[in-house]
Amino acid sequence: MVISGVFFSSSGYSGNNNSQHETNQITTSTVEREPLPAGAVNETAYYTDAAGWVESRSELEQGLKYFYQKTGVQPHVYIATDLNGSKTRDMADVRDFAEAKYDELFTDEAHVLLLFYEPYESEYKTYYVSGSQAKQVFDDEAGDILLDYIDRNYYNMDLNTSQFFSQSFRQAADRMMEVTQSPWVNVWLVVGVLAIIIVLFIWWRKRAAQQEAEAKRTEEILSRPIETFGSDVSELEKKYQDSEDTQ
């Protein structure tokens, strides 16, 4: 089995620390991903609650099943406050525990196991293990996206445990399965539209000024007495008079 694991740990407390985590940047999705084909997964349970924290099975599984439907990779969340009776902080112990659980729980390469380990209050460590087939969709970047949402939502005091995991997996699925559009695309689009509006406005102003000048000139010509047009008009009058006399 090909295993991919990423370790992430964080510690903090609710309350005053919330604001600094709510603004965490989420890893951008730069890869077009296709879900695994149907039949790749031998479907299993979606979570193991060794800590006894899950308030609502249906609420938790809603987000995990959404992730499965969106990616073709079945997730499994393993929640623990100790590892084989130990509250170790050793990263190697966390990794070994997660990798052993993958082999114990699954018979395919299309699962991703997320170990959420909180040995002490507000101090948690996460480690994910993905099978070789799951890696086609759930690559390192996708793993970073999931862990970013785990970190952000952990400090959202409006979410209970079931909602916390459900929302994190739902958000991760949506983000990883679409290429993240750069905010500069929208900025340059707005700049381009504004430039076109400015050019059209300048053209309209010049055109309106030209039309106004032409109208004013025409009005001046029409309002002038015929005598003011000079000798050319007198000559025309004389020629017209001579023509009448000869008839």
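Taking Cβ atoms as reference points and 10 Å as the exclusive limit, the residues near T161 contribute a net charge of -3, counting Lys and Arg as +1 and Asp and Glu as -1. Judged by the mean number of other Cβ atoms found within 10 Å, the most tightly packed of the peptides 120-132, 99-111, 67-79 leads the ranking 67-79, 120-132, 99-111. Applying a threshold of 20 Å to the alpha-carbon distances of K87/K125; K65/K125; K70/K101; K70/K125 flags K65/K125; K70/K101; K70/K125 as lying beyond it.
One Cα centroid belongs to segment 139-174, the other to segment 50-97; the line between them spans 12 Å. Placing a label point 7 Å from the Cα of T107 along the Cα-to-Cβ direction, no residue of segment 118-150 has a backbone N closer than 16 Å. Spin-label model, D174 to D158: label points 7 Å out along the Cα-to-beta-carbon direction sit 1.4 nm apart.
The numbers here are math on the coordinates, done by the rules we state, and not lab data. Keep in mind that what you see is a predicted model, and the values were worked out from it rather than measured. Every residue, glycine as well, gets a Cβ built from its backbone with ideal geometry; the counts of neighbours run over all protein chains shown.
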